[in-house]
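Since the structure comes first, as structure tokens, the remarks are kept for the end.
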Amino acid sequence: MTAVSRTSGSEAETLALGERLGRCLRAGDAVALDGPLGAGKTVLVRGLVAGAGAVGAVRSPTFVLHAVHPGPLPVHHLDLYRLAPSLDPRTLGLDEMLETGAALVEWAERVGPDPLGWFNARCRISIVGPTARELALTGPGRLCAAWTRG
Amino acid sequence: MSLLAIETSCDETAAAVVGPDLSIHSSIVASQAAAHAAYGGVVPELAARMHLERIAEVTAAALAAAPGGWGGITGVAVTRGPGLAGCLLVGTAYADALAGARGLPVVGVSHMAGHVWAAQLADPALRPPFVALVVSGGHTELIHVEAPGAVRLLGATRDDAVGEAFDKVARLLGLPYPGGPAIDVSARTGNPARHRLPRPILPDFGFSFSGLKTAVRYLLDDLRVGDQPLATTAQADVAASFQAAAVDTLCTQLEAAIEYTGAPRAIIVGGVASNRSLREEAARRCRGLAELTIPPPALCTDNAAMVGAAGWEIVRRRGFDDGPLSVDPGLASYI
């Protein structure tokens, strides 16, 4: 596991960071996305989906719980906000999704500290100013490298 | 002869009997909300299991309250998507089994089409062409129903649905879940002009409510002193200002869609259509522009009568389905 932090001054910069990371995603990657309301988790997902070459409008899946974006690497977008805390993400079919695709999971902190290791990467977004955000990524070097270059 | 309609896509187990003239002979809704609240959120497996436990009694109650019981039923309509896969499977499997045992045909219905055709339950004279504003926890879309079976998506939210914005703002304000009704009530005593919040009007009839949610968050950061909760009057002012911005945005895009399509009629459907401020403001702004129908609140939130109405629309247009139904959790169709 490696770690990297980046700051973003705008929605466009968060989107660009997402695209860079999305290009490094592989089948089996399950990225936990944490951060308070309005942090820009869905914006980051929009970048990740575009970077992975997947298609379809990215909207908040808070109510629909799960949206899939088809592509060479199918990207699954999940949201645990409305779900009971400490829920086993496998009940949402996470294992099946990861066989052929990647999963991006908003409000992942709701499942707790993840002792069983459902996620292989985690990005925590902190609000540091009206449009400024800090994005702290931990995960395999292959993913962190997306943000260490340039 | 009536349709027996079944709805299990989310956390309401519902059954209804709807006549061909769209009269509602019975409509039973059993909510799971309290059960999920005990866990602090939705538990998908629990939702499917509770549908399974309740569907027989809910269906029996709907049939018992309808004239003629089974004798008055000509077919079964059931929601096949969008929704939770496990929940949808309970409804479609039950509908298939009932229909098979009784020798009746079945028709699979989109939950979204159900919301749209709920308007015809409120006004049986409603016919295309019309514009529909579909507003719920998961959807904010403007569609043009040009003719039977011909539906064009005019625009949709780019991020959060409006119902989601209501829920998340309610949580920021410390109001109880579900947030929509809580904000509706709190806003009644607040000043909607107290805070000016963003009203993004996107091209192509698009919506964006994520920025409004974030603006409320920053407003609360400014208003709060330390960890003290907001006074009730201040809370009501924020609720009213947020609601005014959301409702204004929805009405502005609805007016634009009516003008663009030239449709003589418009409807507002989905759970958020039960919001009192939206109902009043839309009625005022559509006057002289288009004839507006908003179903009563009980037909805006999830129910099975709307599935019966959409079922009749499909059966008249193309008949019943052949063979067992498949579920489609990501179904995005209005027809």
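Points worth noting:
- Of all residue pairs spaced 6 or more apart or on separate chains, those with beta-carbon atoms under 6 Å, a first member in segment A:108-134 that is open to solvent by 30 Å² or more (accessible area, probe 1.4 Å) and a second member that is polar (S, T, N, Q) are A:122/A:138; A:131/A:10; A:134/A:7; A:134/A:126.
- Residue check, residue B:81 within 22 Å of residue A:84 (Cβ to Cβ) and within 20 Å of the chain's Cα centre (by Cα): no
- Condition check for residue B:262: open to solvent by less than 10 Å² (accessible area, probe 1.4 Å) and at positive phi: no
- Positions within segment B:213-246 being among the small types (Gly, Ala, Ser) and over 13 Å from residue B:192 (Cβ atoms), in sequence order: B:215, B:226, B:231, B:234
- Of residues in segment B:13-57 being within 14 Å of chain A (Cβ to nearest Cβ) and among the charged types (D, E, K, R), the one farthest from residue B:77 (Cα to Cα): B:45
- Which numbered condition residue A:66 fails, given (1) within 25 Å of residue B:41 (Cβ to Cβ); (2) surrounded by fewer than 21 Cβ atoms within 10 Å (Cβ to Cβ); (3) away from chain B (no Cβ under 11 Å): (3)
- Exactly one residue out of B:165, B:187 is in the same structural domain as residue B:281 (by TED's automatic domain parsing), under 25 Å from residue A:61 (Cβ atoms), in contact with a helix residue (DSSP H, G or I) (Cβ under 6 Å, 6 or more places away or on another chain) and modelled with pLDDT of 95 or more: that is B:165.
- Conditions (1) within 11 Å of another protein chain (Cβ to nearest Cβ); (2) within 27 Å of residue B:112 (Cβ to Cβ); (3) touching a residue at least 12 places away in the same chain (Cβ under 8 Å); number of the one not met by residue A:11: (2)
- Qualifying helices (runs of 4 or more DSSP H) (wholly inside segment B:158-242; at least 1 residues being under 24 Å from residue B:37 (Cβ atoms), without any contact (Cβ under 8 Å) to a residue 12 or more places away in the chain and open to solvent by 20 Å² or more (accessible area, probe 1.4 Å)): B:162-173, B:179-187
The values are calculated or read from the model by the stated rules, or taken from the named source; none is laboratory data. Keep in mind that what you see is a predicted model, and the values were worked out from it rather than measured. Neighbour counts run over all protein chains shown; Cβ positions are idealised from the backbone, glycine included. The accessibility values were calculated without ligands, DNA or RNA, using every heavy atom of the protein model including side chains. Shrake-Rupley method; radii C 1.70, N 1.55, O 1.52, S 1.80 Å.
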